[in-house]
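Colleague: The structure is given below, and queries will be raised subsequently.
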């Protein structure tokens, strides 16, 4: 058995605005390979680069684009996510354009819309292939039996006649990790 001893650089970064203490472990395996581990508030991210030129891990990391670094630190983290509040605002704007005596009930239903169910339905099939009315009715006071509060299917479907992209926003976890990376870059 062969045992090798290496020196790992450890940093503890504190007093960063709106971030808990950050611990960083930098393992410069060679001038062309290295590994970094970042811990913050019980979460950890590790990335390994087997080939990064002759500049060393610290310089490589400091020069790296945050989106690129996040791709290595957490490959499952998507930069963008659906912005359901903006989507509801778009639906409300369409609803305002409708000439309907039940407009207020429709606006209330949009406010109470089950975002997770809507997201699932939109991923499974395009909006014109599922029952928008069912989703709008699946909330708080508006029960399936109380269909008179809402216009008939045709009027509700009118909200979805024209295709409407779901707005995107930066994922809060992506923004969080990007802020941590900025602090690490400043400390290195």
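Laboratory data are not the source of any read-out in this text; all were calculated from the coordinates shown. These figures come from a predicted structure and were not determined experimentally. Backbone-built Cβ (ideal geometry, glycine too); neighbour counts: all protein chains shown.
Colleague: Determine, for each peptide in 50-56, 38-44, 179-185, the mean count of other beta carbons within 10 angstrom over its residues, then list the peptides with the highest first.
Modeller: 179-185, 38-44, 50-56
Colleague: Would you mind ranking 26, 58 by Cβ crowding within 10 Å, fewest neighbours first?
Modeller: 58, 26
Colleague: Only counting other Cβ atoms within 10 Å, I'd like 94, 18 sorted with the fewest neighbours first.
Modeller: Lowest count first: 18, 94.
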